[in-house]
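Taken together, the values in this text are just the output of simple stated rules run on the coordinates, not laboratory data. This is a predicted model, so every value here is computed, not measured. Neighbour counts run over all protein chains shown; Cβ positions are idealised from the backbone, glycine included.
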Amino acid sequence: MEKQEVFLKVSDMIREVLMAKSLKIEMENNLADDLGMDSMAAVEFLNAVEDDFKIAINETEMQSIKTVNDAVTMILEKTNHS
């Protein structure tokens, strides 16, 4: 899966979780500071990521995801090593 493809999917997931269909999302956006994602929304987002990409994200990894790019990078690392 290509980085841009993952980014687009992640962006759609973020919009869905935040219920903000027209939200402009950039790779460098901080999930909390720039996009307004609270801890409840973050859990919902990461659950959606796990389900959609069929990966597992542990507690430490969850805490390391601060930006959209962090999420995309982790997804790529977990899905492309097979």
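Could you check residue 9 against (1) basic (Lys, Arg); (2) under 12 Å from the mean Cα position of the chain (by Cα); (3) not in a helix (DSSP H, G or I) and say which number it fails?
(3)
Output the residues belonging to the stretch 1-22 that are under 20 Å from residue 74 (Cα atoms) and of a type in the set (Ser, Thr, Tyr).
Across the stretch 1-22, the qualifying residue is only 11.
Kindly list the number of the only condition in (1) assigned to a loop (DSSP other than H, G, I, E, B); (2) in contact (Cβ under 8 Å) with a residue 24 or more places away in the chain; (3) of a type outside the set (Phe, Trp, Tyr) that fails for residue 20.
In the conditions (1) assigned to a loop (DSSP other than H, G, I, E, B); (2) in contact (Cβ under 8 Å) with a residue 24 or more places away in the chain; (3) of a type outside the set (Phe, Trp, Tyr), residue 20 misses (2) alone.
Scan the stretch 23-42 residue by residue and report those that are in contact with a helix residue (DSSP H, G or I) (Cβ under 8 Å, 6 or more places away or on another chain) and farther than 13 Å from residue 73 by Cα. Let's see the steps before the verdict.
Taking the stretch 23-42 as the starting set, the residues that turn out to be in contact with a helix residue (DSSP H, G or I) (Cβ under 8 Å, 6 or more places away or on another chain) are 23, 25-29, 31-32, 35-37, 41-42.
Result: 23, 25, 26, 29, 31, 32, 35, 36, 37, 41, 42.
Quick one: count up the residues across the stretch 12-37 that are under 13 Å from the mean Cα position of the chain (by Cα) and closer than 17 Å to residue 66 by Cβ.
14
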